[in-house]
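The values are calculated or read from the model by the stated rules, or taken from the named source; none is laboratory data. These numbers were taken from a predicted model, which means no experiment stands behind them. Methodologically, a virtual Cβ is constructed for each residue, glycine included, from the backbone with ideal geometry; neighbour enumeration extends over all protein chains shown. Only protein heavy atoms, including side chains, enter the accessible area calculation; ligands, DNA and RNA are left aside. Shrake-Rupley method; radii C 1.70, N 1.55, O 1.52, S 1.80 Å.
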Amino acid sequence: MSVDSDGTEEPGWDVDPEDEQGAAVVAALGRQLKAWREAAGMRVAEFGARIQYGEDQVRKVEAGKRIPRPEYLDRSDEVLGAGGKISAMRTDLEQVRYPKRVRDLAKMERRAVEIGAYHIHGIHGLLQTEEYARALFEMRQPAYSRDEVERYVAARMARCSIFDRDPAPALSIVQEEATLRRPIGGTMVWRRQLERLLEVGKLRNVSLQVMPLDLTVHAGMDGGIEVLKFGDGTAVGRSEGAFAGRPVSDLRQLRLLELRYGMIRAQALTPQASLAFIEQALGET
C-alpha cells in the first residue's frame, strides 16, 4: 500500500484521460461518494480523517480524477453507514481499475477456452509471481511511476484468476530457454518464480515447454506468438513477426500462426523434459 507524504494512505491511481469508459465510471463513482458524504453532513477533512485518507486524495476521488482502491470503498461504506451500498460499487470499479489495454487482454483471456503462447523475452504474464512482475515493471525505461508499477502489477495478478475457472482453459506455453536463465529480481525472487513454474506446469490443463538454446534454428525465430480460441469457434492471434504485429482474427491468417506455433511445440522440449529442465535450473540457483 503506498503512502502519502502526510502519512495517510493513497486511495488508488490517477485516471487515464484517454480511457473514456474508465473515466466515465470513475466520475460517476466520485459523484455518488460525494453525495453520500454530504448527505451524512460530513466535511471532506473530517471524512478523510475517519477513513484514514488525505483530504486532497478524497477530493480527487470525488472529482473523478483518482481511481479508489477497494479498501477506500469499504471504509467509506462503514463510516457513512451505507449498509453495503458503497462496497457494492467494487464490481464497477473492478472493470476500470486497470489500464484499458490490460483490461481488453484480460477480457479475452477470461473468454478463452484455449490459450497458446511462445515467449522469448520474459516469463508469460499468466505464470508470473507478483515479485517477478514488480521487478519487470520497475526496470522499464522510461521509468514507470510508483503508482503505475503498482497498478500494472495488480492488473497482471488479476489476470491469473483464470486458473480458478471451472472448467479452466487449456493453457499451452513455450518459454525460450533464455527467459529461464535471467534471474530477474535477484536470487530469492527468481527461485520463487521457478517454483511457480513447476507448480503451474504440473496442472492437468497446462502444458509448459522450453525451447532449448542449442536448437539453433526453429519456427519461432521471427518472434513471440499468442493464439486465443473461444467457445464460439472464433479466435484471435498475434505474432511479432507476422502481419506487422497486429492482432488478427481472419481464418487464413490464424492458420498461419497456428501452423507456426504447432511447429514450435514440436521442436521444443517435451513437457516432462521441460519440467526437469526447470527443476535443474532451480537447483542451480
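A few comments on the model shown:
- Any hit, region 108-115, residues being open to solvent by 20 Å² or more (accessible area, probe 1.4 Å) and more than 22 Å from residue 168 (Cβ to Cβ): no
- Odd one out for residue 219 among (1) in contact (Cβ under 8 Å) with a residue 40 or more places away in the chain; (2) part of a loop (DSSP other than H, G, I, E, B); (3) open to solvent by 70 Å² or more (accessible area, probe 1.4 Å): (3)
- Cβ-Cβ under 7 Å pairs, at least 6 apart or on other chains, region 236-258 side touching a residue at least 24 places away in the same chain (Cβ under 8 Å), far side assigned to a helix (DSSP H, G or I) and open to solvent by less than 70 Å² (accessible area, probe 1.4 Å): 236/108
- The residue pairs whose first member lies in region 151-167 and is within 11 Å of residue 128 (Cβ to Cβ), whose second member is among the aliphatic types (A, V, I, L, M) and open to solvent by 50 Å² or more (accessible area, probe 1.4 Å), and whose beta carbons are closer than 9 Å, counting only pairs six or more residues apart or on different chains, are 159/105.
- Residue in region 253-272 that is part of a loop (DSSP other than H, G, I, E, B), out of contact with any strand residue (DSSP E or B) (no Cβ under 8 Å at 6 or more places or on another chain) and open to solvent by 40 Å² or more (accessible area, probe 1.4 Å) present: no
- Restricting region 136-152 to residues that are acidic (Asp, Glu) and under 19 Å from residue 123 (Cα atoms), the residue that is surrounded by the most Cβ atoms within 10 Å (Cβ to Cβ) is 150.
- Complete set of residues in region 67-88 that are buried (at least 19 other Cβ atoms within 10 Å of the Cβ) and either at pLDDT below 90 or not hydrophobic (A, V, I, L, M, F, W, C) (or both): 67, 68, 69, 72, 75, 76, 77
- Enumeration of residues in region 185-207 that are part of a loop (DSSP other than H, G, I, E, B), open to solvent by 50 Å² or more (accessible area, probe 1.4 Å) and out of contact with any Phe, Trp or Tyr (no Cβ under 9 Å at 6 or more places or on another chain): 202, 204
- Per this entry, residue 210 is not counted among residues that are within 15 Å of residue 281 (Cα to Cα), open to solvent by 10 Å² or more (accessible area, probe 1.4 Å) and in contact with a Ser or Thr (Cβ under 8 Å, 6 or more places away or on another chain).
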